[in-house]
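Report on one structure; see the data block that follows.
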Amino acid sequence: MELKSLLEQTNKLPTIPKVAQQLISSFSDEDVPIDEISRQLSADPALSAKLLRLANSAYFHLSRTIGTVDDALRMLGFVMVRNLVLGNSMTAAFRNTKGIDLQQFWRYNLYTACASRWLASRDGVNADLVFTVGLMHGIGQMHMHAAIPDAMVPIDKQLNVLDAGRAALEKQTLGFHYGDVAAALAKIWNFPEPIILALQSVPMPLAATEFSEAAAWVHMGAWRARTEVLKAAGEDALASYPADVAKRLGLQADWAPAHGANASGQGDDGMPPLHELTDGLEAMIA
């Protein structure tokens, strides 16, 4: 099968709200029409209610209640609001996908986004961009299961959809992997080139022609999310640790619980528990 033939099934391509499309265009637009974005968000009762629920969640630790979309834009900033809306739009676009444990899959993506953001922020990287890539990196899996479900059945029987070796198996079987599909969808939606490159590179960041630091951070965050969701611990977690990617990033191992870091995140450089990093954002996958 060719990736082109998968994408030519236009009737199976996911659709996203118009306001989400405008938010995507804002990545490369310095003159973002904030008032128009706010108006469109406010005109969508379900989306604006979800946004306000997220904005008032424990994740942001705000001192006052956010009651309007305008308040959310002022208090959280446009970039974070954009990320929240895009994340919600992605989960909604694939809400009826068969063959995947959707709750587990989106929890894994949320954990990946927050874990990779935490890692990137310690290194002075554009953590918001990393968060966006982390949220979106699984959409290729979703689209393959929606568009070519029969082809995915034997692959799913061999490896869990979240397994670290999944991309290699897909490449061997289909000729492309979920990162290729995610990047192709992002290109159709007119995402900027750095995000397209990162999405394609997340599964194998060191094999990419052009190294994407964002992809590498998401790759590390995905490992942490995978160990949590699949309940891998001890030797199993260590065996799958992407040490080569960590080395490329200059990342010391003391951040990861599998390497003995204090899982509480108190008093050391260890990553806090993922349920704390994502506290309040679960509404994105509800």
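Points worth noting:
- Residue match in the range 75-86 (condition: in contact with a Phe, Trp or Tyr (Cβ under 6 Å, 6 or more places away or on another chain) and among the small types (Gly, Ala, Ser)): no
Here is a yes/no grid of residues against (1) at pLDDT 95 or above; (2) in the same structural domain as residue 22 (by TED's automatic domain parsing); (3) more than 15 Å from the chain's Cα centre (by Cα); (4) surrounded by 20 or more Cβ atoms within 10 Å (Cβ to Cβ):
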position	(1), (2), (3), (4)
124	no, no, yes, no
136	no, no, no, yes
152	yes, no, yes, yes
172	yes, no, yes, no
177	yes, no, yes, yes
181	yes, no, no, yes
190	no, no, yes, no
193	no, no, yes, no
200	yes, no, no, yes
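- Condition met for residue 57 (crowded, with 17+ Cβ neighbours inside 10 Å and more than 19 Å from residue 277 (Cα to Cα)): no
Per-residue answers, yes or no, for (1) farther than 25 Å from residue 107 by Cβ; (2) out of contact with any strand residue (DSSP E or B) (no Cβ under 7 Å at 6 or more places or on another chain); (3) hydrophobic (A, V, I, L, M, F, W, C); (4) assigned by TED's automatic domain parsing to the domain that holds residue 145:
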position: 9; (1), (2), (3), (4): yes, yes, no, no
position: 33; (1), (2), (3), (4): yes, yes, no, no
position: 53; (1), (2), (3), (4): no, yes, no, no
position: 79; (1), (2), (3), (4): no, yes, yes, no
position: 83; (1), (2), (3), (4): no, yes, no, no
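- Index of the failed condition, residue 249 passing every other in (1) at pLDDT below 95; (2) closer than 20 Å to residue 115 by Cβ; (3) more than 16 Å from the chain's Cα centre (by Cα): (1)
- Whichever residue in the range 9-62 is of a type in the set (S, T, N, Q) and outside any helix (DSSP H, G or I) and, among such residues, is modelled with the lowest pLDDT: 9
- Test: residue 89 is surrounded by 15 or more Cβ atoms within 10 Å (Cβ to Cβ), polar (S, T, N, Q), in contact with a Pro (Cβ under 7 Å, 6 or more places away or on another chain) and assigned to a helix (DSSP H, G or I): yes
- Filtered residues of the range 165-210 (kept if more than 27 Å from residue 28 (Cβ to Cβ) and not hydrophobic (A, V, I, L, M, F, W, C)): 165, 166, 170, 171, 172, 173, 175
- Checking each residue in the range 202-224 for being surrounded by 18 or more Cβ atoms within 10 Å (Cβ to Cβ), farther than 10 Å from residue 137 by Cβ and not small (Gly, Ala, Ser) picks out 205, 213, 217, 220, 223, 224.
- The range 1-20, subset surrounded by 15 or more Cβ atoms within 10 Å (Cβ to Cβ) and of a type outside the set (A, V, I, L, M, F, W, C), residue nearest to residue 149 (Cα to Cα): 14
The values are calculated or read from the model by the stated rules, or taken from the named source; none is laboratory data. What you see is a predicted model, and the numbers here were worked out from it, not measured in a lab. When we count neighbours, we look across all protein chains shown, and the Cβ atoms used for this are built from the backbone with ideal geometry, even at glycine.
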